[in-house]
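A.B. asks: After the structure tokens below, expect a handful of questions from me.
The values are calculated or read from the model by the stated rules, or taken from the named source; none is laboratory data. Treat the numbers as computed from the prediction; the structure is a model and nothing was measured. Cβ coordinates were reconstructed from backbone atoms using ideal geometry, including for glycine residues, and neighbour counts include every protein chain displayed.
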């Protein structure tokens with residue numbers, strides 16, 4: 001049922017061709033239903049079902065599912081929304097929680113057997129999430145400060161000498177209002193891409209060492225052990241990247257909500 | 001010798017990110033050692049700093065792949 005890569009485990013040095021997945025149903029348009037799009041829908045379905053089921057019948061003494069859902073929400077609301085954005089950040093907590101769960105789940109798909117690819121290893125999916133964050137912090141900031149005030153706040157740091165304006169204003173404008181969604185999405189994408197690539201290097205390297213025969217074969221268990229170690233490391237990285245993405249979104253929202261000084 | 005010159009560029013770009021992330025974690029560890037109760041307060045800041053410092057190294061990785069064909 002899984003869509004194997006078009007080129008599977010052929011050349012040892014894995015390349016970007018290992019990220020092209022074959023269509024499940026060739027009659028449909030290209031890349032309409034592959035492992036990657038399927039895992040996005042799967043993640044959305046799992047999240048909706050999980051939160052609906054665990055909160056359908058809330059108890060005063062929480063059940064196990066309700067406890068898990070509440071601790072995730074509590075972690076994001078208290079640890080990110082309230083601590084970073086402040087009291088008025090609580091209203092962003094549902095979005096942050098959804099974002100965190102979605103990114104964490106799609107990232108973890110990279111080490112789930114039979115899927116083993118994160119949709120975030122393709123730039124399209126992180127790009128949409130980055131643009132959403134960009135829209136949110138810009139809209140929030142423009143509504144609070146007005147368009148001109150918001151642009152001015154982001155372009156001119158307080159206390160800048162006037163002589164430095166020609167240098168500071170373009171740098172601040174580009175880095176605060178244009179580059180942020182790009183760095184957000186590229187950070188997530190590159191981490192997932194590199195993680196998948198590292199696992200491919202060790203696993204395909206182990207296979208290549210076995211195929212090389214002779215004394216090389218003795219070294220291949222090392223490669224496989226390293227692949228297992230890297231899998232655990234990737235799990236840590238995946239959760240960390242989900243956290244960092246939401247954290248940076250919160251920092252940007254906080255910057256938009258901050259008073260001018 | 002075969003290979004792609006852009007990988008050397010990735011190596012160079014990784015230097016800055018590595019130094020930055022190292023400094024950030026070192027600072028967090030010494031801050032936590034001096035004042036253990038501030039660990040929770042400074043942990044999100046550490047992750048933000050590490051993520052920002054890491055970004056350029058990741059750009060280097062991407063560019064290494066983008067230009068690996070040429």
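A.B. asks: If residue A:259 meets every condition in (1) away from chain B (no Cβ under 14 Å); (2) in a helix (DSSP H, G or I) apart from one, which number is that one?
C.D. replies: (2)
A.B. asks: If we scan region A:218-233, do we find a residue that is assigned to a helix (DSSP H, G or I), more than 23 Å from residue A:131 (Cα to Cα) and touching a residue at least 60 places away in the same chain (Cβ under 8 Å)?
C.D. replies: yes
A.B. asks: If you don't mind, another one. Identify all residues within region A:202-217 that are surrounded by fewer than 18 Cβ atoms within 10 Å (Cβ to Cβ) and touching a residue at least 60 places away in the same chain (Cβ under 8 Å); write none if there are none.
C.D. replies: Selection gives A:207, A:208.
A.B. asks: Of everything in region B:3-23 that's farther than 21 Å from residue A:186 by Cβ and in a helix (DSSP H, G or I), which residue is farthest from the chain's Cα centre (by Cα)?
C.D. replies: B:5
A.B. asks: Looking only at residues that are at pLDDT below 85 and part of a helix (DSSP H, G or I) in region B:57-67, which one is surrounded by the fewest Cβ atoms within 10 Å (Cβ to Cβ)?
C.D. replies: Filtering first and then ranking leaves B:66.
A.B. asks: State the number of residues belonging to region B:2-19 that are within 14 Å of chain A (Cβ to nearest Cβ) and surrounded by 14 or more Cβ atoms within 10 Å (Cβ to Cβ).
C.D. replies: 7
A.B. asks: Here is a further query. Checking the conditions here, which among A:181, A:161, A:170 is in contact (Cβ under 8 Å) with a residue 24 or more places away in the chain and over 16 Å from residue A:257 (Cα atoms)?
C.D. replies: Criteria check complete, one pass: A:181.
A.B. asks: Among B:39, B:26, which is more than 14 Å from every other protein chain (Cβ to nearest Cβ), assigned to a helix (DSSP H, G or I) and surrounded by fewer than 18 Cβ atoms within 10 Å (Cβ to Cβ)?
C.D. replies: B:26 is the lone residue from the list that is more than 14 Å from every other protein chain (Cβ to nearest Cβ), assigned to a helix (DSSP H, G or I) and surrounded by fewer than 18 Cβ atoms within 10 Å (Cβ to Cβ).
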